[in-house]
């Protein structure tokens, strides 16, 4: 299989849709694990996260023809996922998630579940506000830059950096205890 850089692949996919989805699969597949992880962490519910990932892929497929390089494809993809997560949260507002064992199991990474540090960090992340948790997930789970996070969250870059710093300080302080 020939490998392309992201710009070339997006251009090829835009030209081949809707008749050929093989290149679309090649474009989207590398992002699926990180996209799913982001949605699971943000929504704190595996089935909802899977629904959101599916809706995100459908929206990307439907709107890829109109994609412009104002932001990277990755940032655009996560912006759609972010909006879908917000929609899912709005849809389930009436269903408040209590802090129970099942809830905590969905929060903690499988990779970190056996490590005290990872478990403690995951439990602390649960207590963050939606906005703060979102910034941390976008930064560390998806590797987005502060400007891209600011665009996704509709905040200015200084607000994102300040929230990030406050959360890092909070987490460092709590982990020392």
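Points worth noting:
- Net length gained if the chain between residue 87 and residue 46 were fully extended (0.36 nm per residue, minus Cα distance): 13.2 nm
- Sorted fewest first by neighbouring Cβ atoms within 10 angstrom, 77, 175 come out as 175, 77.
- Prolate is the label for region 125-177. Its Cα gyration tensor axes, ordered a ≥ b ≥ c, give a/c of at least 1.5 and a/b above b/c.
- In percent, rounded to a whole number, the relative contact order of region 1-93 is 28, using alpha-carbon pairs under 8 Å and six or more apart.
- Once the Kirkwood radius over Cα pairs is known for region 1-97, the Stokes-Einstein relation at 10 °C and 1.306 mPa s delivers a diffusion coefficient of 112 µm²/s.
- Cα-based shape type of region 35-79, given that a ≥ b ≥ c are square roots of the gyration tensor eigenvalues and the cut on a/c is 1.5: oblate
- Remark: 85, 153 ranked as 153, 85, counting other beta-carbon atoms within 10 Å and listing the fewest first.
- Normalised by the number of residues in region 128-177, the mean separation of alpha-carbon contacts (under 8 Å, six or more apart) gives a relative contact order of 32 percent.
- Zone residues, region 120-150, relative to residue 34, backbone N less than 19 Å from point 7 Å out along Cα-to-Cβ: 133-150
- Alpha carbon centroid spacing (whole Å) that separates region 1-47 from region 123-177: 25
Values quoted throughout were computed directly from the atomic coordinates according to the rules given, and no laboratory measurement underlies them. Source: prediction; values computed, not measured. With ideal geometry, Cβ positions are generated from the backbone for all residues, glycine too; neighbour counts draw on all protein chains shown.
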